[in-house]
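Student: One structure is given below, represented as structure tokens, and several questions about it will come after.
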Amino acid sequence: MSVQGRIQKGHKLFLQGNVDLVFEDETMIQFHVKSNEKDYLVSINTNGFRCNECEDWTYRWKPSTNNGGSFLCSHCYAAMFKLAELQGVNSPATLEIPQAKEMS
Ligand SMILES: [Zn+2]
């Protein structure tokens, strides 16, 4: 899937209400993302974004594109859209991240 395809899929997952903030402290923020009846956990920390299912390592260090950075799957993009919403994008934002909801 192309970068644009992953962003579009992430946006759709977000718009359909499939993303929930489930944990946050000073070092980590985690989102639960549901896609095709499967559950994903996206973690954001000082190292970047990581999905518990999609293989970051495989994509990050492909010899042909050996330029580092994180691989971002559609679930990571979905989490970014949710984070933007929680931060109040397009409205006067606060610098506080809202409290995490219990994972159901
Ligand atoms: Zn993923």
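Bear in mind these aren't lab numbers, they're just calculated from the coordinates by the rules spelled out. Computed from a prediction, not measured in an experiment: that's the story for all the values here. Positions of Cβ are generated from backbone atoms using ideal geometry, with glycine treated the same way; all protein chains shown enter the neighbour counts.
Student: Quick one: 3J(HN,Hα) in Hz for region 6-21, Karplus 6.51/-1.76/1.60 with θ = phi - 60°, rounded, Gly and Pro as x.
Tutor: Those phi angles translate into 5, 5, 4, 5, x, 5, 5, 4, 5, 4, 7, x, 9, 10, 10, 6 Hz.
Student: Long-range amide H contacts for L72: which residues qualify at under 5 Å (H placed 1.01 Å from N, peptide plane, sequence gap of 5 or more or a different chain)?
Tutor: Here the answer is none, since no amide H 5 or more places off falls under 5 Å of that of L72.
Student: Using packing as a proxy for protection, rank 30-39, 70-79 so that the peptide with the highest average count of other Cβ atoms within 10 Å comes first.
Tutor: Details: 30-39: 16.5, 70-79: 24.2.
Descending mean neighbour count gives 70-79, 30-39.
Student: Sticking with this structure for a sec: Give a residue-ordered list of calculated ³J(HN,Hα) values for region 48-55 (Karplus: 6.51 cos²θ - 1.76 cosθ + 1.60, θ = phi - 60°; whole Hz; x for Gly, Pro).
Tutor: Result, ordered by residue: x, 9, 8, 9, 6, 10, 8, 7 Hz.
Student: From the backbone phi of region 22-33, what are the Karplus-calculated ³J(HN,Hα) couplings (6.51 cos²θ - 1.76 cosθ + 1.60, θ = phi - 60°) in whole Hz, Gly and Pro given as x?
Tutor: Result, ordered by residue: 10, 7, 7, 9, 5, 10, 8, 10, 10, 10, 9, 10 Hz.
Student: Determine the gain in length on full extension of the stretch E55-N90; use 0.36 nm per residue of separation and subtract their C-alpha separation, reporting nm with one decimal. Write down the numbers at each step before the final one.
Tutor: On the way: separation 35, 0.36 × 35 = 12.60 nm, distance 3.25 nm.
Using 0.36 nm per residue and subtracting the Cα-Cα distance, I get 9.3 nm.
Student: Would you grab the residues whose amide H sits under 5 Å from the one on S35? Only those 5+ places off in sequence or on another chain, please, with H modelled 1.01 Å from N.
Tutor: Y40
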